[in-house]
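Undergrad: For reference, the structure I am asking about is given below.
Just so it is clear, none of the values below were taken in a lab; they were calculated from the coordinates. Owing to the predicted nature of the structure, the values given are computational and were not obtained by experimental measurement. No Cβ is skipped: glycine too gets one built from the backbone with ideal geometry, and neighbour counts run over all protein chains shown.
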Amino acid sequence: MMNDQGVVLMTPRTDAYLDSLIETQLSAQTIYKVDPRETNGERVTYGTISNQCVTNMIKILNIGDKDIVYDLGSGVGNLIFKMLFSAGIRKGIGFEVIKDRYNVSNNIKKQIIMNYPEFHGKIEFYNANFKTILDSNRFADATIIYTSSLMFTDETMNLIVEIAKRCRNLRYLISLKANIHPNLEFHSRQSCACSWGRCCYYIYTLKHRVEGPACPRSLLLLLLLLLLACLLLVPLSLTVP
């Protein structure tokens, strides 16, 4: 089912479709076994937030087709998939350090694109630790950052804030763990049903951002305007006695 903008709307049928894909892949993969070498010794666990939780998140934050959503610790990709179906997000990108979970998300992605070709190019998953991404602009296009961060250390939480500070268009940072940081403005706390019970997620906005270098295109436009101004002023100077 699609709306007038061509967005596939989340209905009980599509909800069941996604859940079926996830369950099939979970039964085919071992996602609970974790090699400590994959996480550099940091504690990790597996769980998912409910469909209703994602739906409420979309409504509260007015997430839609202009949003680029990053999930840091994306597991099997369920949040990205549900936001794609429910909100028609512009793009969803997930980073997952555990290879088995990444494989599940990638397999589900292939199935979805096969059934919904219009989603091609809108989903990306990386088997990578977002903490080791050296390119400071890798997340710069994010408008929403979500992280299932219950097991994250304070060091990791602070790094996420540093990542968020470089996102010029970031609207919200969403975390399952409260983050007391001087650069974050608390927005709200929302109750959420999860696979392990009930929890809360915390919504923040940024107080300050790190401004990157000026865009080359902007510089070119500025130079062209200056050149045009000079060309207009030259004839005037020649006519003045």
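Undergrad: How many nm is it between the label spots at Leu150 and Lys66, if each spot is 7 Å from the Cα in line with the beta carbon?
TA: 3.4
Undergrad: Can you list the HN-Hα couplings for the stretch 100-107, worked out from phi with the Karplus curve (6.51, -1.76, 1.60; θ = phi - 60°), rounded to whole Hz and with x for Gly and Pro?
TA: 4, 5, 4, 4, 4, 4, 5, 5
Undergrad: List the lysines whose alpha-carbon lies under 17 Å from that of Lys59, not counting same-chain residues fewer than 8 positions away?
TA: Lys82
Undergrad: Taking R0 as 45 Å, what FRET efficiency do you get between Glu162 and Gln111 from their Cβ-Cβ distance, rounded to the nearest 0.05?
TA: Plugging the Cβ-Cβ distance into 1/(1 + (r/R0)^6) gives 0.80.
Undergrad: Another question, if that's okay. Pull out the extension gain between Glu124 and Trp196, defined as 0.36 nm times the separation in residues minus the alpha carbon to alpha carbon distance; nm, one decimal.
TA: 23.3 nm
Undergrad: Pull up all non-local amide H partners of Phe125: gap of 5 or more, or a different chain, and H-to-H distance under 5 Å with H placed in the peptide plane.
TA: Amide H to amide H, under 5 Å and 5 or more residues apart or across chains, Phe125 pairs with Gly94.
Undergrad: Also, quick follow-up: Taking 0.36 nm per intervening residue step and subtracting the Cα-Cα distance, what contour gain separates Ala140 from Thr55 on full extension?
TA: Additional length available on full extension: 28.1 nm.
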